[in-house]
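Below is one structure; the comments refer to it alone.
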Amino acid sequence: MIYFPQLSSGATGQFPIARQRSARTVVNESWQGYQVKLADPAAAVTEWHLSFDELTDQELAALEALFQAVEGSLTPFTFLDPVDNLLAWSQQQNQAVWQADPLLTLTAGVADPMGGTAAYQVSNPTAATLTLQQSINAPASLDYCLSLYARSDESTQVWLVRGSATTAQAIGPQWTRLTSAGQLQDTADSINFGIALDPGATLDVFGIQAEAQTTASMYKQTAETGGVYPNARFQTDTLTITTVGPGRYSCELDIVNVEYL
Amino acid sequence: MFPTLKTGAVMQYPAKKTLLFNTDTIRFLDGTEQRFRDNPSILHQWTIQLDLLDESELAALDQFFISNQGRFGSFSFTDPWDGTAYPNCSLAKDGFSFQLKGEMRGKTTLTVCENRT
């Protein structure tokens, strides 16, 4: 899998970052101003403008290697949006992208820590550990941070699943944001994120978020698409690098993801 | 419904509202004019400039744009000036962009327009 590299900090981008989404709507407008609209979801385009400063020799080499490997704008690579949640349907754990073990019960409409009712109650009535996970098509070897809000009426623990790493974290009646971050020694082209419940455990969970960085940022809700773009390309065939000093580089990149290509 | 900010507000200053009529004018050789309405009623448009947004607020606006598929979808929008609810509104453009200058320093602009019903 060809993918956009992370910086040595574990981040994919630096501030400022700009992102643009474009849709295509065919509009037939009558003389009186009435409109008939037709959506064209396949024509959706997402673009990023990334600015990098103070890159090291290694970071620049990784960017150059990617640019050469994909031959500029010719071939696609996997891009993990630095300003988005990588998981789809972050507030609807009953969607098909979430793989819940049989007998794990999910109840929607539970009060969440943001003042809404978008949390889920997850219960494990069995005598075995059960999981609720989502797999994304991204290299498992990168730095990732899984974060979520959880609470339980009784003091218990929940297991945070980040690929092959599972971490037990204690929770109580108050909403707590839990995180699990790090890099795995794993060369797989996919990685799963989620939670595992001990036998008999019941807890409320909200805002499950995975990011390709070392710490959690503010929770970002997603719907049918998460922040994984397997069909991203460089916008142009040119990569301009400015050397500011020895081992200090800067460059600007435009990346585009077009669904219909 | 159009997403609100964490403060509960929809817009920030400077807020811009546009009222739109569509009048056709026929001018005669002697300089006189005859005017008539092309559209049966007034339409409203709101330009929503937002600054210093956090990532959650930007994500909510982004999801709103995706769920509406740009200017295709319609939704109810409440005019923040007078509280009037306009039940058939759309985003005016097929594009949504934002810039994140730092943590909790997002900036974007959206335009909402009332549709003819």
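Miscellaneous remarks
- Other protein chain Cβ atoms within 10 Å, averaged over every residue that makes up B:68-75: 6
- Residues B:94, A:40, B:62, sorted so that the one with the fewest Cβ neighbours within 10 Å comes first: A:40, B:94, B:62
- Neighbourhood charge, 14 Å Cβ-Cβ cut-off, centred on residue A:65 and excluding it, Lys, Arg +1 and Asp, Glu -1: -4
- Neighbour cut-off at most 11 other Cβ (10 Å), DSSP loop, GluC sites (Glu not before Pro), region A:141-241: A:154
- Averaging 1/r over every pair of different alpha carbons in region A:98-211 and inverting the result gives a Kirkwood radius of 14.2 Å.
- Among the listed pairs A:37/B:107; A:220/B:16; A:220/B:93, those beyond 26 Å (Cα-Cα): A:37/B:107; A:220/B:16
- Within-14-Å neighbourhood charge of residue A:5 [Cβ basis; K, R +1; D, E -1]: -4
- Straight-line reach from residue B:17: taking Cα to Cα under 16 Å and skipping same-chain neighbours fewer than 8 places apart, the aspartates and glutamates in range are B:79, B:82, B:114.
- Taking other C-beta atoms within 10 angstrom as a stand-in for reagent exposure, A:242, A:25 fall in the order A:242, A:25, fewest first.
- Each distinct pair of alpha carbons in region A:1-123 adds a 1/r term; the inverse of their mean, the Kirkwood radius, is 19.1 Å.
- Fewest-first sequence of B:21, B:96 by Cβ atoms within 10 Å of each Cβ: B:21, B:96
- Given charges at beta-carbon only (K, R positive; D, E negative), |dipole| of the protein assembly as shown in Debye: 840
- Dipole magnitude for region B:16-114: about 200 debye, using +1 per Lys or Arg Cβ and -1 per Asp or Glu Cβ, origin at the Cα centre.
- Under 13 Å, Cβ to Cβ, from residue B:24 - net charge with Lys/Arg +1 and Asp/Glu -1: +1
- When restricted to Cα atoms, the protein assembly as shown yields an Rg and a Dmax of 24.1, 93 Å, respectively.
- Along its three principal directions, the equivalent ellipsoid of region A:40-180 from the Cα gyration tensor extends over semi-axes of 36, 18, 16 Å, largest first.
- For chain B, the Cα gyration tensor yields ellipsoid semi-axes of 34, 15, 13 Å (square root of five times each eigenvalue, largest first, whole Å).
- Across region A:46-106, the fraction of Cα-Cα pairs farther apart than 14 Å, rounded to a whole number, is 74%.
- Chain B, relative contact order [Cα under 8 Å, separation at least 6], %: 27
- Exercise: per-residue mean of other protein chain Cβ atoms within 10 Å, B:91-97: 5
- For chain A, calculated [θ]222 nm from helices alone, where every DSSP H run of n ≥ 4 adds -39500 (n - 2.57): -1500 deg cm²/dmol
Values in this text are rule-based calculations from the coordinates and carry no lab data. Please read these numbers as outputs of a predicted model, since none were measured by experiment. Note that each Cβ is placed from the backbone with ideal geometry, even for glycine, and that neighbours are counted across all protein chains shown.
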